[in-house]
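One structure below.
Every number here is computed from the coordinates shown, using simple stated rules; none is lab data. In this text the structure is predicted, and so the values were computed from the model without any measurement. In this analysis, Cβ positions are derived from the backbone assuming ideal geometry, glycine residues included, and neighbour counts consider all displayed protein chains.
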Amino acid sequence: MAHRRNERGEMCEVVKFTRSCTGCFEGGECMGLAHNYRFDSKAGCHVGAGCEECGYTGKRRQVLYIPLSQIKELNNSGAKKEK
Ligand SMILES: [Zn+2]
């Protein structure tokens, strides 16, 4: 996993994933319209119709910087401690 500091100087884990383009993919409520689009199993998301925003690929690369301290908190809150 790649690590990098964000603008606040916090050490972050860099999470990269592909998601449907918000400009040309309309999933509808509860993804009710998602079947109208092709599903890219490799990317793990639906592919939009294509627009200028995504360069007509229908999907976008997303990069998130999640502070390590936040990940720690998430792990703690998710784990159930048994007494
Ligand atoms: Zn698009």
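Counting other C-beta atoms within 10 Å, which of 22, 57 has the fewest, and how do the rest follow?
So the residues, fewest neighbours to most, are 22, 57.
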Cysteines, the chain, no other Cys beta-carbon under 4.7 Å: 12, 30, 45
query: What list of ³J(HN,Hα) couplings, whole Hz, do you get for segment 8-25 from phi and the Karplus terms 6.51, -1.76, 1.60, once you set θ to phi - 60° and write x for glycine and proline?
result: 8, x, 7, 6, 10, 8, 8, 10, 10, 7, 9, 9, 5, 6, 6, x, 10, 10
field: Value at 222 nm in deg cm²/dmol, rounded to 500, when DSSP H runs of n ≥ 4 in the chain each add -39,500 (n - 2.57)
entry: -4000 deg cm²/dmol
message: Can you give me the angle between helix 68-78 and the longest principal axis of the chain, using Cα atoms only, in degrees from 0 to 90, rounded to the nearest 10?
response: 90 degrees
- request: Give the span of the chain's Cα atoms along each principal axis, as three whole-Å numbers ordered largest to smallest.
  value: 47, 35, 21
FRET efficiency for residue 30 and residue 62, using Cβ-Cβ distance with R0 set to 25 Å, rounded to 0.05: 0.70
